[in-house]
1. Taking region 71-90 only, how many residues are in a helix (DSSP H, G or I) and surrounded by fewer than 18 Cβ atoms within 10 Å (Cβ to Cβ)?
2. For region 195-210, name all the residues that are surrounded by 12 or more Cβ atoms within 10 Å (Cβ to Cβ) and either among the hydrophobic types (A, V, I, L, M, F, W, C) or in contact with a Lys or Arg (Cβ under 8 Å, 6 or more places away or on another chain) (or both).
3. From the list 111, 97, pick out the single residue that is in contact with a Phe, Trp or Tyr (Cβ under 9 Å, 6 or more places away or on another chain) and in a helix (DSSP H, G or I).
4. Pick out the one residue from 105, 93, 124 that is assigned by TED's automatic domain parsing to the domain that holds residue 193, closer than 21 Å to residue 239 by Cα and either surrounded by fewer than 16 Cβ atoms within 10 Å (Cβ to Cβ) or aromatic (Phe, Trp, Tyr) (or both).
5. Within region 45-62, does at least one residue satisfy the condition of being loosely packed, with under 14 Cβ neighbours inside 10 Å and either in contact with a Leu (Cβ under 6 Å, 6 or more places away or on another chain) or among the aromatic types (Phe, Trp, Tyr) (or both)?
6. Would you check which residues across region 114-164 are of a type outside the set (Val, Ile, Thr) and not in a helix (DSSP H, G or I) and list them?
7. Just for region 199-248: of the residues that are in a loop (DSSP other than H, G, I, E, B) and either among the hydroxyl-bearing types (Ser, Thr, Tyr) or in contact (Cβ under 8 Å) with a residue 24 or more places away in the chain (or both), which one is nearest to residue 265 (Cα to Cα)?
8. When residue 206 is evaluated against the numbered criteria (1) modelled with pLDDT of 90 or more; (2) within 27 Å of residue 277 (Cβ to Cβ), which criterion, by number, is the only one it fails?
Amino acid sequence: MTGLAAQPQAPLALPEPGKRDWSTKFTHAILLIAVFTALFPSYFMFTTSFKTNEEYRYNKIGLPQQLMLEQYGEAIFQNEFLRWMLNSATYALGSVALSTVVASLAAFAIARMQFRGKNVLLALSTSLMVIPPVVLVVPLFLFFVQLDLISTYHGTILIYAGLVTPFSIYLLVSFFRTLPTEILEAALIDGASPFGVLWRVVIPLSAPALVTLLIVNTLYVWNDLLIALLFLQDDNMRTLMVGISVFQGRYNHQVPLTMAGMVMASLPMLILYIIFQRFFISGLASGALKG
């Protein structure tokens, strides 16, 4: 039996060591500039927080001569910084928990159940993602005034949960559709109810997507200023971002003190991302490859 003779392949031409194309050098330069631009504000915030007002006045960009913790002590013990942080954590945890439960139930029904109008329901939910929150401020405020929900924990949690739920449903529907149908059918054959399938099978398999929602939605609520500024008019109900804005205006000439408050405001979200980084990246990759 005769066949075609294999043609010898030409060796892959590799660039000589030490020589780089000008486009590669240009790309590296652009990347270095982008990295420097992104990291410089964090560097300025962190280093300035350890300076005194006198040192900052003469050394605004350089490293501090000594690590002074006085600014952190003043921000914590002489202001309501801890109260603001506790309020932000309450709003973030409450709204993310509520939206995750609602989004999981809705996404499972849309992705895995057969009923008329589910595609329309998904389209309507997804369309809410493009509506800017500022458009909803006036009708929501008037509605909440009538319900006496201004400056309340449960009212603010409902607003934040409603804002993040459409994105949560969209992401979970995309992820739930990638789960193997055989596993879900096997659970139904074993006698599990639809809710049992969701709780015992789908939720454990969807840990990356759920962690992604946890980080993204918590970050959104934690950093929000518009809703908290309008719907939380009581000083004791302020969030961290509103408190920092007032804090910055009050201590406009004490930049190190303001930077210390901003560093402490950034730490919880940084720690959250570091802890769940592996799940967050895998959840984004799953949505990009399978969604």
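The values are calculated or read from the model by the stated rules, or taken from the named source; none is laboratory data. This structure is a prediction, so every number in the text was calculated from the model and none was measured. Because the Cβ atoms are built from the backbone with ideal geometry, glycine has one as well, and the counts that use them run over all protein chains shown.
1. 9
2. 197, 198, 199, 201, 202, 203, 205, 207, 209, 210
3. Details: 97 fails: in contact with a Phe, Trp or Tyr (Cβ under 9 Å, 6 or more places away or on another chain).
Going through 111, 97 in turn, the sole match is 111.
4. Numbers: 105 fails: closer than 21 Å to residue 239 by Cα; 124 fails: closer than 21 Å to residue 239 by Cα.
None of the other options fit; the residue is 93.
5. Yes, because at least one residue in region 45-62 is loosely packed, with under 14 Cβ neighbours inside 10 Å and either in contact with a Leu (Cβ under 6 Å, 6 or more places away or on another chain) or among the aromatic types (Phe, Trp, Tyr) (or both).
6. So the first thing to find is which residues in region 114-164 are of a type outside the set (Val, Ile, Thr), and the list is 114-119, 121-125, 127-129, 132-133, 136, 139-144, 146-149, 151, 153-155, 158, 160-163.
Across region 114-164, the qualifying residues are 114, 115, 116, 117, 132, 147, 148, 149, 151.
7. Start the filter on region 199-248 by keeping residues that are in a loop (DSSP other than H, G, I, E, B), which leaves 206, 224-225, 232-234, 238-239.
Retained after the next criterion (residues that are either among the hydroxyl-bearing types (Ser, Thr, Tyr) or in contact (Cβ under 8 Å) with a residue 24 or more places away in the chain (or both)): 206, 224, 232-234, 238-239.
Working: 206: 30, 224: 12, 232: 19, 233: 21, 234: 20, 238: 14, 239: 11 Å.
Per the stated criteria, the residue is 239.
8. Unmet condition: (1).
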